[in-house]
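The values are calculated or read from the model by the stated rules, or taken from the named source; none is laboratory data. For clarity, every value in this text was computed on a predicted model and none was experimentally measured. Cβ placement follows ideal geometry from the backbone for every residue including glycine, while neighbour counts extend to all protein chains displayed.
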Amino acid sequence: MPKLSAKSSKLQASPIRKLAPLARAAEARGTNVIHLNIGQPDMPTPPEMIAELHGLSLATLAYAPSEGLPQAREAWSAFFSSWDIQFAADEILVTSGASEAITFILSIVAGGDGEVLVFEPCYTNYLSFAAQADVTMVPITLKVEDGYHFGSIDRLRACVTPKTKAILLCNPSNPTGTVYTVEELEAVAQVAIENDLFVICDEVYREFVFDGGKIRSFTEFSDLAQRIIVVDSVSKRFNACGVRIGCMATHNREILDIALRFCQARLSVATAEQLMVVPMLEHGRAYSENLCGEYEKRRDAVFNGLAGIGGVSPHRSEGSFYTMTRLPIDSCEEYAAFLLRDFALDGETVCLAPGEGFYVTDGLGIDEVRVAFMYDADTLKRAMRILDASVVAYPGRLAVATT
Ligand SMILES: Cc1ncc(COP(=O)(O)O)c(C=O)c1O
């Protein structure tokens, strides 16, 4: 048989879905599995969106224009405007989720042998997007002790090389829940200007900032206007991951022109789905703000539960609907398998996302897990009790200093 390409081996299997066979086996044994491993919102898609889909009268489902339907681009423009982010409709390209937008952008700004700086732990698919675009991700490692903030600008400057083309930042962050401070955003902006870099802002969790906070958008930095590319999506804010509608937005005409060629090569994004999201983009802000309140309660349930486990000093997620935490465990991958294979409390167990898959650097994250807040607070409290009991029962538990 002919050998497959070297590039194809660079794509990693999803670390989030890796444990699925063990979870299915546990369920087949009658154990209730609480899935903390995956960011698939559990709440219903807004009925307005479903009604819009039912109300469409389309005789032929034709290709949409490659750049997106005019009404969808206008709706994204109105949506951004409701956040004081100004992009004209013709500065926005509709994509198949944020995923497609990021893959295109990586190719455009750094494809070939370019480098992109990324904070790790990071959204795991960034690594696969980069592999597809022949881009090297250069990690800036963040630590749980620092709440996964990077603090000093020198950390960024030290990673820039002649091949660096962009900085990719997810704010609020998946997987850590970090919301970057104004000083951190200023540092990113300064390093981008000093080194002639683009800034790719993944803001798919923009609405989900806890404790009354709000993210500052890079679009506020006027001297970055030509360098900024914003990536967005309806997936999380409207509980509509299956709709597959996202966008990229930039004032940079050269990028728009090249990105349009990528869009043309894949013809178009689903017509009906573009139409069904229009009303929510135009008027759905209150809907996602209510979701944020619910996620905040869930964050509290997870944080308090983790804080009660011996040897765990959890990081208090500031936004998105995730947190990462270190556990007093030799290998969280083994521990996650143990939970599904060998452990249950009152007929229930937990499926976790082991931390390693969220790091670019080999060997990091072995003692960390990501927790997603996809259940109501009571279920999450039960899940935390399961973690507490299982950490004690797990044979690879590390000694915990008691003072
Ligand atoms: C940080 C981040 N960016 C992008 C995506 C992809 O979003 P979409 O469903 O719009 O492709 C996700 C999905 O989980 C994500 O967490």
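Any residue in segment 212-228 that is within 13 Å of the chain's Cα centre (by Cα) and at pLDDT 95 or above? Write out each step before concluding.
In the first step, residues of segment 212-228 are kept if they are within 13 Å of the chain's Cα centre (by Cα); the result is none.
Checked against the condition, which is being within 13 Å of the chain's Cα centre (by Cα) and at pLDDT 95 or above, segment 212-228 yields no hits at all.
So which residues in segment 146-177 are within 21 Å of S320 (Cβ to Cβ), in contact (Cβ under 8 Å) with a residue 24 or more places away in the chain and away from the ligand (no atom under 12 Å from the Cβ), if there are any at all?
So in segment 146-177, the residues within 21 Å of S320 (Cβ to Cβ) come out as 146-151, 167-177.
In the following step, the residues that additionally are in contact (Cβ under 8 Å) with a residue 24 or more places away in the chain were identified as 147-151, 167-177.
The answer is G147, Y148, H149, F150, G151, I167.
Can you tell me which residue within segment 7-31, out of those that are part of a loop (DSSP other than H, G, I, E, B), free of Cβ contacts under 8 Å to residues at least 24 places away in the same chain and under 27 Å from the mean Cα position of the chain (by Cα), is nearest to L339 (Cα to Cα)? I'd like the intermediate steps shown before the answer.
Kept after step one, since they are part of a loop (DSSP other than H, G, I, E, B), are these residues of segment 7-31: 11-19, 29-31.
Those left that are additionally free of Cβ contacts under 8 Å to residues at least 24 places away in the same chain: 13, 17, 29.
When the remaining residues are screened for being under 27 Å from the mean Cα position of the chain (by Cα), the result is 13, 17.
Details: A13: 21, R17: 15 Å.
My answer is R17.
Considering only residues that are of a type outside the set (D, E, K, R), more than 14 Å from the ligand (Cβ to nearest atom) and part of a loop (DSSP other than H, G, I, E, B), which ones fall in segment 91-121?
Of everything in segment 91-121, those that are of a type outside the set (D, E, K, R), more than 14 Å from the ligand (Cβ to nearest atom) and part of a loop (DSSP other than H, G, I, E, B) turn out to be G111, G112, G114.
Please work out which one of (1) touching a residue at least 60 places away in the same chain (Cβ under 8 Å); (2) away from the ligand (no atom under 16 Å from the Cβ); (3) assigned to a helix (DSSP H, G or I) is the condition H251 fails and give its number.
With respect to (1) touching a residue at least 60 places away in the same chain (Cβ under 8 Å); (2) away from the ligand (no atom under 16 Å from the Cβ); (3) assigned to a helix (DSSP H, G or I), H251 is out only on (3).
Which one is nearest to D113 (Cα to Cα) among residues in segment 6-60 that are at pLDDT 90 or above, loosely packed, with under 15 Cβ neighbours inside 10 Å and of a type in the set (G, A, S)?
Top of the filtered list is A25.
Return the total of residues in segment 338-361 being crowded, with 18+ Cβ neighbours inside 10 Å and closer than 19 Å to Q12 by Cα.
9
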